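The values are calculated or read from the model by the stated rules, or taken from the named source; none is laboratory data. A quick note: this is a predicted structure, and the numbers were derived from the prediction, not measured. Don't worry about glycine lacking a Cβ; one is built from the backbone with ideal geometry, like all the others, and counts go over all protein chains shown.
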Amino acid sequence: MLKKTAALVVLAALAVTGCSATTEAEKKSAPVLHASLQHEYKSLAELREDSSLVVRVTAAHARVRTLHTVPFTITEVKVQEVLKGKTENRTLSVQQLGSLELASPDTSQLLEKGREYILFLEPYHLVPGDHTGLHTITGEQGIYGYSSEKQAYEYASGSEARVPKSLTRVQISALQQPAR
């Protein structure tokens with residue numbers, strides 16, 4: 001359970017750059033939301049194991065919701081392929097900490113409309129067993145965005161990568177295999 005909630009653990013509260021700023025540059029800088037990860041994944045196998053769903057998706061429209069002054073971006077994604085798990089839905093709702101106006105550099109990059117991703121997901125529950133219909137990116141580390149320039153899926157989290165920085169076709173195929 002600890003690993004499943006790691007993506008949304010927010011330390012202290014909202015840290016807004018500029019509240020105690022001493023320079024004009026600091027006063028004009030954009031607000032930032034800081035968070036802490038409870039678990040750092042060391043391998044793709046470990047990330048896959050903690051994810052109930054691994055999917056190749058295309059990001060569609062997004063909206064922002066606020067919970068106790070903390071913004072969350074909810075992006076609708078169109079499922080192109082299921083690599084692990086089962087879903088009948090062709091569209092999923094993915095919740096991420098932060099918004100375009102309030103960045104969260106410690107967590108995954110917000111999904112960009114029209115961009116293709118491989119996402120490692122877990123259902124989001126406010127309380128255990130409460131089905132919200134939302135998913136979160138496993139540990140905020142299970143996000144790979146497609147780079148047409150590199151012709152590969154690149155790690156797209158704000159945290160330092162201990163998992164592979166890009167996914168090869170062999171690694172993507174392996175995601176479809178049963179865990180050993």
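Miscellaneous remarks
- If you filter region 93-132 down to residues that are in contact with a Ser or Thr (Cβ under 6 Å, 6 or more places away or on another chain), within 23 Å of Leu47 (Cβ to Cβ) and of a type in the set (Gly, Ala, Ser), you find that the one that is modelled with the highest pLDDT is Gly98.
Residue-by-condition table, conditions (1) surrounded by 12 or more Cβ atoms within 10 Å (Cβ to Cβ); (2) among the acidic types (Asp, Glu):
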{"residue": "Ser93", "(1), (2)": "yes, no"}
{"residue": "Leu119", "(1), (2)": "yes, no"}
{"residue": "Leu134", "(1), (2)": "yes, no"}
{"residue": "Ala152", "(1), (2)": "yes, no"}
{"residue": "Ala156", "(1), (2)": "yes, no"}
{"residue": "Glu160", "(1), (2)": "no, yes"}
{"residue": "Thr168", "(1), (2)": "no, no"}
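- Test: Leu110 is in contact with a Leu (Cβ under 6 Å, 6 or more places away or on another chain) and among the hydrophobic types (A, V, I, L, M, F, W, C): no
- Checked against (1) farther than 22 Å from His61 by Cα; (2) in contact with a strand residue (DSSP E or B) (Cβ under 8 Å, 6 or more places away or on another chain); (3) small (Gly, Ala, Ser), Ala174 passes all but a single condition, namely (2).
- Scanning region 160-173 for residues that are assigned to a helix (DSSP H, G or I) and in contact (Cβ under 8 Å) with a residue 12 or more places away in the chain, we see that the one that is nearest to Leu119 (Cα to Cα) is Ile172.
- Some residue of region 61-73 being over 19 Å from Thr132 (Cα atoms) and either modelled with pLDDT of 90 or more or in contact with a Pro (Cβ under 7 Å, 6 or more places away or on another chain) (or both): no
- Members of region 77-94 that are assigned to a strand (DSSP E or B) and more than 17 Å from Gln109 (Cβ to Cβ): Lys78, Val79, Gln80, Glu81, Val82, Leu83, Lys84, Thr91, Leu92, Ser93
- Residue count for region 106-123 satisfying the condition of being farther than 16 Å from Gly145 by Cβ and in a loop (DSSP other than H, G, I, E, B): 1.
- The residue of region 126-159 that is nearest to Val54 (Cα to Cα), among those that are among the acidic types (Asp, Glu) and either touching a Cys at 6+ places or on another chain (Cβ under 7 Å) or without any contact (Cβ under 8 Å) to a residue 60 or more places away in the chain (or both), is Glu154.
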